[in-house]
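Visitor: Quick one: the structure is below, and I'll ask about it shortly.
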Amino acid sequence: MKCVIMAGGFGTRLRPLTCNLPKPIVPMANRPMMDHIVELLSKHSIKEAVSMLYFQPEDIQKHFQDGKKFGIKMKYLLPPSDLGTAGCIKFAENELSETFIVMSGDVLTDFDLSKAIAFHKEKNALATMVLTRVTNPLQYGVVIIDEENKITRFLEKPSWGEVFSDTINTGIYILDPKVLHEIPQKQMFDFSKDLFPKLLAKKESLYGYVAEGFWKDVGDLREYRLAHRDILDRRVLVKIEGKQKQFTNNEHESSVWVDEGAEIQDGVEFIGNSILGKNCKIEAGCKIENSVIGENCVIGSYSHISGSVLWNHVKVGRESLMRETIVGEKVVIGEKALIQVGAVIADECKIGREAKIRSNVKMWPHKTLEDGAILATSLIWGEKWSRTLFGAYGISGLGNIEITPEFAAKVGAAYGAYVGKGAYIITSRDTHKASRMIKRALISGLLSGGVRVGDLRTSPIPVVRYEMGKEGEVGGVHIRQSPFDHRLIDIKFFDQNGGDISFQQEKAIEQLFLREDFKRASIEESGELVTPQRSEEYYRAGFLKTIKKEIIQNAQFKVVIDYAFSSAAMTFPAILGQLGIEVVALNSYHNPQKVTKTEKEFQYSLEQLSNIVTTLKADIGFLIDNGAEKVFMIDEKGNIVSDMEALVAISSLVMKCYKSGKIAIPINQTTVIEQLASKSKLKVERIPTIPRHIVNASRKEQMLFVGDGIGGFVFPEFQANFDAMYAIAKILEMLSLQNTRIGHLLKEIPYKIQIRHQKVPCPWDKKGQIMRLAFEYAKNKNTELVEGVKIHYKDSCILLLPDPDAAYFHLWAEAKEEKRAKELLKEYSEKALKWIGA
């Protein structure tokens, strides 16, 4: 059998280690990473390999040559451009006349490939994915298989709510050459995004083999360091150079692999397991703890190296301390240096005597740190954000602690590098002074990349979104104090259509941010800062053109609006004036101290609004959130309308006003909406709860309305984004058309909605397991898998949904009777706890 080794990656997430060499050549236990893959192939009698190269191909060719010394015949192919994973295999078609295996050259594994190949042949499969189970499946393709191991569902890099299993695609495939007919020539084509969905749709024989053993995607610097610990602890069985020796110090038993010529002087203490490369020298009094020391390294006397990886030819001065650090080739570290947890020092750097490098700092190749200097610039966020930069609300963090001006400038520079020199970006903020500080720093970063910046200053988010694309903008950034926690700052990114940027765009910006090697403009090409003059005009004109003004004017509504000190007070009054509405405005001025509301303050605002609506005998009351994206209601009787009641009422209004079309509702919202829709000609589509998915749904054909169930309403006829101001006008228009009020609509609900919600604490590493077991439990039941697992019974339903940002599961139970809803919660909370311990 022949193997195709995918060895063309740039290794961007391993920078600065991969600045000077391709990722497959990065040392893993003192040997190139790809050595371990080639040895695994040879062990399982796979004696021919084709390496697909792209980035720095000469380094890989020079190391492996014809492959003879590794017991394998090695060929090399260099595609002319990036063809994607499957496209690369198509490029190698002439070499693949029989069943073959595909592997990445930069993973660490000891899978039994012989068993996987035997499984493929037994099933007579067209394609077999080699699968494994992991605690955090978010960064991988999640796979569901049936009792016969046939793949029934595949989802690439899901959100937590879409994780239906903890079984993932390892990127190891066994393929029949017939599969090459499904791959187009000379164009980008990916296994996960294109080929496998195509095979599933055609119901081809696509199988999954769940392998036993160790597998790790060495995807970033932290995983790279931890992979060495896995090798030292023998969790993965790969070849380690040198003889294994046992050392006993202070009752500690240690295994140390000592290669040829290595010298260990008197008084050296070993803790845990370590590897010493050829001709390295460990001087007297050193303490070496769970570390890998490369060839020709010298560790000065009385130094302490803990949990670290040192490449070849590193010199460490006496009495230095290094914890959980990665050090590249030919680095010289002076005496009494201190290098703290998570630091990465690239090739040929020089660290002075008594210098200090703080946690998580990365030094790029050929840099010098002088004697006694302290390098404290942290280029990677702290532990909380070690997995991802972006969250559900963009980039969020503690103001002036995690989201600092320095951090914002770097984010701006990374975003500027992503959009490119000469691009035009819009920026805006809320009224808080911290938002202004962070926005100005971010603008500086954008300008440093040669980006033209249009600053809208303080502006409602819907106005900013609507501005996108009007004057050539390719994106936008809005800075705000979090509406949920006054300590947090959010940095929200918009695409050229005004929507949130895609997951792929987030990842691209994140990689640039972490790499810290983005291009800067020359001083003559620095960006220009301008003030757009027509954003309010564009928004107002589009708004009034879309809304039915005469219908609202004729209704002569009396409305109370609480602006909640938001920037909507700058825009909305002029529009309301043209709609002929009698408005009583509350809190219609800026107060930076009132940007964020606690739950108690929010409830008090609603109660105050309720009293005013009742006193003035108004038709309706509205409370706008600070970003002007969400709106909350008081009915004509002064009753506070709950979020779910508001969604039902507005959905009902849309159904009454339109004769055809669709509405979209998150999976965790009440099924009453489907019952109402059954009496109309509109269709209801269930969507995930994630804001990006909600907004994307509004861009579908025939979509009339999308609601999120927490105050967000989208009417795509104006813009496919949350907009509290347009939502207010549209609600008034529809109330006028139907000559009704919100309270009347709620009386039409067939029964009182009984929905109960509960959070079940769940460790991060158990979420995938729970989803897999919940999916298996629900297989023969009436199940929805839009997001999480929703099980329908005759008059009730239960939804199990993992939280994307916290260590717990959500349970939503709905029934006609409160007792039944409580019973469902109790039953499934007990099941969830049982599944956690499985």
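The values are calculated or read from the model by the stated rules, or taken from the named source; none is laboratory data. The shown structure was predicted, so the numbers you read here are calculated from the model rather than taken from an experiment. Ideal geometry is used to build each Cβ from the backbone, glycine not excepted, and the neighbour counts take in all protein chains shown. Surface areas here come from the heavy atoms of the whole protein model, side chains and all, with no ligands, DNA or RNA. Shrake-Rupley method; radii C 1.70, N 1.55, O 1.52, S 1.80 Å.
Visitor: Restricting attention to segment 22-31, and to residues there that are part of a loop (DSSP other than H, G, I, E, B) and surrounded by 21 or more Cβ atoms within 10 Å (Cβ to Cβ), which single residue is modelled with the lowest pLDDT?
Guide: Taking the candidates together, the pick is P22.
Yes or no, residue by residue, for (1) under 26 Å from G498 (Cβ atoms); (2) open to solvent by 10 Å² or more (accessible area, probe 1.4 Å); (3) free of Cβ contacts under 8 Å to residues at least 60 places away in the same chain; (4) not in a helix (DSSP H, G or I):
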{"site": "F602", "(1), (2), (3), (4)": "no, yes, yes, no"}
{"site": "N611", "(1), (2), (3), (4)": "no, yes, yes, no"}
{"site": "V648", "(1), (2), (3), (4)": "no, no, no, no"}
{"site": "K656", "(1), (2), (3), (4)": "no, yes, no, no"}
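Visitor: What are the pairs, 6+ residues apart or on separate chains, where a residue within segment 204-224 that is of a type in the set (K, R) has its Cβ under 8 Å from a residue that is assigned to a loop (DSSP other than H, G, I, E, B)?
Guide: K216/V236; R222/G342; R222/S386
Visitor: Which of (1) within 32 Å of the chain's Cα centre (by Cα); (2) buried (at least 21 other Cβ atoms within 10 Å of the Cβ) does P57 not meet, given it meets every other one?
Guide: If we test P57 against (1) within 32 Å of the chain's Cα centre (by Cα); (2) buried (at least 21 other Cβ atoms within 10 Å of the Cβ), just (2) comes out false.
Visitor: Related question: Is at least one residue of segment 621-641 at pLDDT 90 or above, in a helix (DSSP H, G or I) and open to solvent by 50 Å² or more (accessible area, probe 1.4 Å)?
Guide: Scanning segment 621-641 turns up no residue that is at pLDDT 90 or above, in a helix (DSSP H, G or I) and open to solvent by 50 Å² or more (accessible area, probe 1.4 Å).
Visitor: If a residue counts only when it is under 27 Å from the mean Cα position of the chain (by Cα), surrounded by 19 or more Cβ atoms within 10 Å (Cβ to Cβ) and modelled with pLDDT under 90, which strands (runs of 3 or more DSSP E) contained entirely in segment 93-152 have at least 2 such residues? Full working, then the answer.
Guide: On the way: elements: 100-104, 107-109, 127-133, 141-145.
Strands (runs of 3 or more DSSP E) meeting the threshold: 141-145.
Listed here are the residues, each with its yes/no results for (1) farther than 24 Å from N312 by Cβ; (2) open to solvent by less than 10 Å² (accessible area, probe 1.4 Å); (3) not in a loop (DSSP other than H, G, I, E, B).
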{"residue": "G8", "(1), (2), (3)": "yes, no, no"}
{"residue": "L17", "(1), (2), (3)": "no, yes, no"}
{"residue": "M34", "(1), (2), (3)": "no, yes, yes"}
{"residue": "V38", "(1), (2), (3)": "no, yes, yes"}
{"residue": "L41", "(1), (2), (3)": "yes, yes, yes"}
{"residue": "I46", "(1), (2), (3)": "yes, yes, no"}
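Visitor: If you take the residues in segment 472-495 that are in a loop (DSSP other than H, G, I, E, B) and modelled with pLDDT of 90 or more, which one is farthest from the chain's Cα centre (by Cα)?
Guide: Of everything passing the filter in segment 472-495, G472 is farthest from the chain's Cα centre (by Cα).
Rundown of residues vs (1) of a type outside the set (F, W, Y); (2) closer than 22 Å to K202 by Cβ, yes/no style:
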position	(1), (2)
T85	yes, yes
A92	yes, no
M103	yes, no
V107	yes, no
F119	no, yes
L126	yes, yes
L131	yes, yes
F154	no, yes
P158	yes, no
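Visitor: To continue, here is another question. Whether any residue in segment 802-810 is outside any helix (DSSP H, G or I), open to solvent by 60 Å² or more (accessible area, probe 1.4 Å) and touching a residue at least 60 places away in the same chain (Cβ under 8 Å) is what I want to check.
Guide: yes
Visitor: Testing Q511 on (1) in contact with a Phe, Trp or Tyr (Cβ under 7 Å, 6 or more places away or on another chain); (2) touching a residue at least 40 places away in the same chain (Cβ under 8 Å), one condition comes back false. Which one is that?
Guide: (1)
Visitor: If you don't mind, there's one more thing I want to ask. If the requirement is being over 28 Å from V298 (Cβ atoms) and among the aliphatic types (A, V, I, L, M), which of these qualifies: A227, A201, A284?
Guide: A201
Visitor: Among the residues of segment 383-433, which ones are out of contact with any strand residue (DSSP E or B) (no Cβ under 7 Å at 6 or more places or on another chain), open to solvent by 40 Å² or more (accessible area, probe 1.4 Å) and modelled with pLDDT under 90?
Guide: Result: E383, K384, S386, R387, T388, A392, N400, I401, E402.
Visitor: While we're looking at this one, here's another question. Among the residues of segment 602-649 satisfying the criterion of being within 21 Å of P666 (Cβ to Cβ) and of a type in the set (D, E), which is nearest to the chain's Cα centre (by Cα)?
Guide: Of everything passing the filter in segment 602-649, E629 is nearest to the chain's Cα centre (by Cα).
Visitor: Being part of a loop (DSSP other than H, G, I, E, B) and surrounded by 21 or more Cβ atoms within 10 Å (Cβ to Cβ) is the filter here, so list the residues in segment 269-281 that pass it.
Guide: Those that are part of a loop (DSSP other than H, G, I, E, B) and surrounded by 21 or more Cβ atoms within 10 Å (Cβ to Cβ): N273, G277, C280.
Visitor: Every residue in segment 515-574 that is among the β-branched types (V, I, T) and more than 24 Å from P460 (Cβ to Cβ), please. Can you show your working first?
Guide: Looking only at segment 515-574, we keep the residues that are among the β-branched types (V, I, T), and these are 523, 530-531, 546-547, 551-552, 559-561, 571.
Within segment 515-574, I523, I551 qualify.
Visitor: Additional query: Looking only at segment 302-341, count every residue that is more than 17 Å from L276 (Cα to Cα), modelled with pLDDT of 95 or more and of a type in the set (S, T, N, Q) and tell me the total.
Guide: Within segment 302-341, residues that are more than 17 Å from L276 (Cα to Cα), modelled with pLDDT of 95 or more and of a type in the set (S, T, N, Q) number 1.
Visitor: Return the residues of segment 201-225 that are open to solvent by 50 Å² or more (accessible area, probe 1.4 Å), part of a helix (DSSP H, G or I) and either touching a Cys at 6+ places or on another chain (Cβ under 6 Å) or farther than 17 Å from Q139 by Cα (or both); say none if nothing qualifies.
Guide: If the condition is that a residue be open to solvent by 50 Å² or more (accessible area, probe 1.4 Å), part of a helix (DSSP H, G or I) and either touching a Cys at 6+ places or on another chain (Cβ under 6 Å) or farther than 17 Å from Q139 by Cα (or both), then A201 is the only one that fits.
Visitor: Do you know which of the residues in segment 811-826 that are open to solvent by 50 Å² or more (accessible area, probe 1.4 Å) and in contact (Cβ under 8 Å) with a residue 24 or more places away in the chain is nearest to V760 (Cα to Cα)?
Guide: K822
For every residue, the table says whether it meets (1) hydroxyl-bearing (S, T, Y); (2) in contact with a Pro (Cβ under 6 Å, 6 or more places away or on another chain); (3) within 22 Å of M644 (Cβ to Cβ).
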residue	(1), (2), (3)
K683	no, no, yes
T689	yes, yes, yes
L704	no, no, yes
Q719	no, no, no
S736	yes, no, no
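Visitor: Check off (1) in a helix (DSSP H, G or I); (2) under 15 Å from L442 (Cβ atoms); (3) of a type outside the set (K, R) for E506 and give me the number that stays unchecked.
Guide: Here E506 meets the rest and fails (2).
Visitor: State all residues of segment 550-577 that are part of a helix (DSSP H, G or I) and surrounded by 16 or more Cβ atoms within 10 Å (Cβ to Cβ); if no residue qualifies, say none.
Guide: Answer for segment 550-577, where residues must be part of a helix (DSSP H, G or I) and surrounded by 16 or more Cβ atoms within 10 Å (Cβ to Cβ): I552, A555, S567, A568, A569, M570, F572, I575, L576.
Visitor: Could you tell me how many of the residues in segment 298-333 are outside any loop (DSSP other than H, G, I, E, B) and either open to solvent by 10 Å² or more (accessible area, probe 1.4 Å) or without any contact (Cβ under 8 Å) to a residue 40 or more places away in the chain (or both)? Even if it seems obvious, please write down each step before you answer.
Guide: Here is the first cut: in segment 298-333, the residues outside any loop (DSSP other than H, G, I, E, B) are 298-299, 304-306, 309-310, 315-316, 321-323, 326-327, 332-333.
Remaining after also requiring either open to solvent by 10 Å² or more (accessible area, probe 1.4 Å) or without any contact (Cβ under 8 Å) to a residue 40 or more places away in the chain (or both): 298-299, 304-306, 310, 315-316, 321-323, 327, 332-333.
Residues in segment 298-333 being outside any loop (DSSP other than H, G, I, E, B) and either open to solvent by 10 Å² or more (accessible area, probe 1.4 Å) or without any contact (Cβ under 8 Å) to a residue 40 or more places away in the chain (or both): 14 in total.
Visitor: OK, next. List the pairs whose first member sits in segment 53-81 and is without any contact (Cβ under 8 Å) to a residue 12 or more places away in the chain, whose second member is open to solvent by 80 Å² or more (accessible area, probe 1.4 Å), and whose Cβ atoms are under 8 Å apart, counting only residues at least 6 apart or on separate chains?
Guide: D66/K73
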